[in-house]
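Data first, discussion second: the structure below is written as structure tokens.
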Amino acid sequence: MALDEIVISRAIIDRYYQKLTDNLETDVAIVGGGPSGIVAGYFLAQAGKKVVLFERKLSIGGGMWGGGMLFNEIVVQKAALPILETFGIRYRQYQEDYYTADAIEAVATLTGVAVRAGLTIFNCVTVEDVLMRPERVEGLVINWSPVEMTGLHVDPLTVRSRFVVDTTGHATEVVKVVERKVNGKLSTATGKIDGEKSMWADRAETDTLANTLEVYPGLYVAGMAANATFGGPRMGPIFGGMLLSGEKVAKDLAMRL
Ligand code: 48F
């Protein structure tokens, strides 16, 4: 049978339309497809929650692809090995408590396993604002990334979710939007974004977990965004904290949902 271009187009449009309309209302909407966001999405999907993830770029994986300074290997400490094992990512011991994994295998496997568990990912979609009801975040305002990049004047669309998770890394983009609008009412020490501190890997990895919290009703932070919001240091290319933070936010939310 000759392949028909219109059937190909119709198949893509039908399937995408269905995926998009299915995800207009979810339990959790995650912003940012780095390691913490993907892991959060996986554990929420595993817990039977309806969860969607929006990523600005064409590719998922955030800062994980590049390892450290484009050396595409990542370091993971012992505490996070169970997560690598859950996903089936291979690792090797380097020395006591230091393990390495191939960054490409890590991103590809995290993504594949999370999607198969039920996480829906929309790539090339930028979150530009939140849906807010007095005193609570209740969803996201989204647009195509190329619209944002070209500066075209195109109005966005809106999705509703019971909770939002900001996993946008150093940028803390969702928290920044909310901070501008709620006048010092974030649950940080200052009521505003406390700001990321300089490199201190050991401290940062512990802080990331402690800072994986609800920063405003309906809005959680995880991964590097947690430290950038609550004033923790950065940690560079050690990824255990990112993975554990994604797991933590998923478990906390699964309890509340
Ligand atoms: O930065 P990123 O990988 O976040 P993470 O999960 O991991 C941090 C580490 O990669 C590394 C580190 C530690 O070990 O410090 O930096 O905390 O991924 C963040 C993702 O969010 C996307 C961005 O393109 C990236 O893929 N993103 C940022 N802003 C938006 C967004 C937005 N407004 N809408 C959609 N996606």
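The values are calculated or read from the model by the stated rules, or taken from the named source; none is laboratory data. Since the structure is predicted, the reported quantities are computational estimates derived from the model, not experimental observations. Don't worry about glycine lacking a Cβ; one is built from the backbone with ideal geometry, like all the others, and counts go over all protein chains shown.
Going through the range 27-48 one residue at a time, which ones are outside any helix (DSSP H, G or I) and either touching a Phe, Trp or Tyr at 6+ places or on another chain (Cβ under 9 Å) or within 15 Å of the ligand (Cβ to nearest atom) (or both)?
D27, V28, A29, I30, V31, G32, G33, G34, listed by residue number.
Which of the residues belonging to the range 192-216 are more than 9 Å from the ligand (Cβ to nearest atom), outside any loop (DSSP other than H, G, I, E, B) and within 26 Å of K49 (Cβ to Cβ)?
L209, A210, E214, V215, Y216
Tell me which residues, restricted to the range 177-206, are hydrophobic (A, V, I, L, M, F, W, C), out of contact with any strand residue (DSSP E or B) (no Cβ under 8 Å at 6 or more places or on another chain) and over 20 Å from T167 (Cβ atoms).
Correct list: A189 only.
Which residues, counting only those in the range 174-191, are surrounded by fewer than 20 Cβ atoms within 10 Å (Cβ to Cβ) and closer than 24 Å to E55 by Cα?
Within the range 174-191, K176, R180, K181 meet the criteria.
Quick check on the range 1-23: of everything there that is of a type in the set (A, V, I, L, M) and in a helix (DSSP H, G or I), which residue is nearest to T208 (Cα to Cα)?
Looking at the filtered set, the residue picked out is L20.
Could you give me the residue pairs with C-beta distances under 7 Å whose first residue belongs to the range 1-22 and is under 23 Å from V125 (Cβ atoms), whose second residue is at pLDDT 95 or above wherever it lies, and which are 6+ apart or on separate chains?
That search, which allows pairs on different chains as well, returns K19/T120.
Confirm whether G139 is more than 11 Å from L219 (Cα to Cα) and among the small types (G, A, S).
no
Count, please, the residues in the range 1-26 that happen to be among the aliphatic types (A, V, I, L, M), more than 16 Å from the ligand (Cβ to nearest atom) and under 19 Å from S161 (Cβ atoms).
Here the count works out to 1.
Yes or no: V159 outside any loop (DSSP other than H, G, I, E, B) and either basic (K, R) or surrounded by 21 or more Cβ atoms within 10 Å (Cβ to Cβ) (or both)?
So V159 fits the description; yes.
Across the range 217-230, which residue is surrounded by the fewest Cβ atoms within 10 Å (Cβ to Cβ) among those that are within 17 Å of the chain's Cα centre (by Cα) and not in a helix (DSSP H, G or I)?
Once the filter is applied, the top-ranked residue is G218.
List every residue pair whose Cβ atoms sit under 6 Å apart, with the two residues 6 or more apart in sequence or on different chains, where the first one lies in the range 24-42 and is closer than 18 Å to L213 by Cβ and of a type outside the set (V, I, T) and the second, anywhere, is part of a helix (DSSP H, G or I) and more than 8 Å from the ligand (Cβ to nearest atom).
A40/V249; A40/A250
So which of T100, T168, T86, T150 is crowded, with 21+ Cβ neighbours inside 10 Å, farther than 21 Å from L24 by Cβ and β-branched (V, I, T)?
Selected residue: T168, the only one of T100, T168, T86, T150 that is crowded, with 21+ Cβ neighbours inside 10 Å, farther than 21 Å from L24 by Cβ and β-branched (V, I, T).
For the list (1) on the phi > 0 side of the Ramachandran plot; (2) within 16 Å of the chain's Cα centre (by Cα), I need the number of the one condition that G88 fails.
Of everything listed in (1) on the phi > 0 side of the Ramachandran plot; (2) within 16 Å of the chain's Cα centre (by Cα), G88 misses just condition (2).
Examine the range 79-96 for a residue that is under 30 Å from P146 (Cβ atoms), free of Cβ contacts under 8 Å to residues at least 60 places away in the same chain and out of contact with any Lys or Arg (no Cβ under 9 Å at 6 or more places or on another chain), and state whether such a residue exists.
Within the range 79-96, none of the residues are under 30 Å from P146 (Cβ atoms), free of Cβ contacts under 8 Å to residues at least 60 places away in the same chain and out of contact with any Lys or Arg (no Cβ under 9 Å at 6 or more places or on another chain).
Taking the condition surrounded by 13 or more Cβ atoms within 10 Å (Cβ to Cβ), touching a residue at least 40 places away in the same chain (Cβ under 8 Å), assigned to a loop (DSSP other than H, G, I, E, B) and not small (G, A, S), does I60 pass?
Criteria met by I60.
When you go through (1) under 17 Å from the mean Cα position of the chain (by Cα); (2) away from the ligand (no atom under 11 Å from the Cβ); (3) of a type outside the set (V, I, T); (4) surrounded by 15 or more Cβ atoms within 10 Å (Cβ to Cβ) one by one for G112, which number turns out not to apply?
Every listed condition holds for G112 apart from (4).
Please determine, by comparing only the residues of the range 194-211 that are under 19 Å from the mean Cα position of the chain (by Cα) and of a type in the set (G, A, S), which one is farthest from L243 (Cα to Cα).
G195
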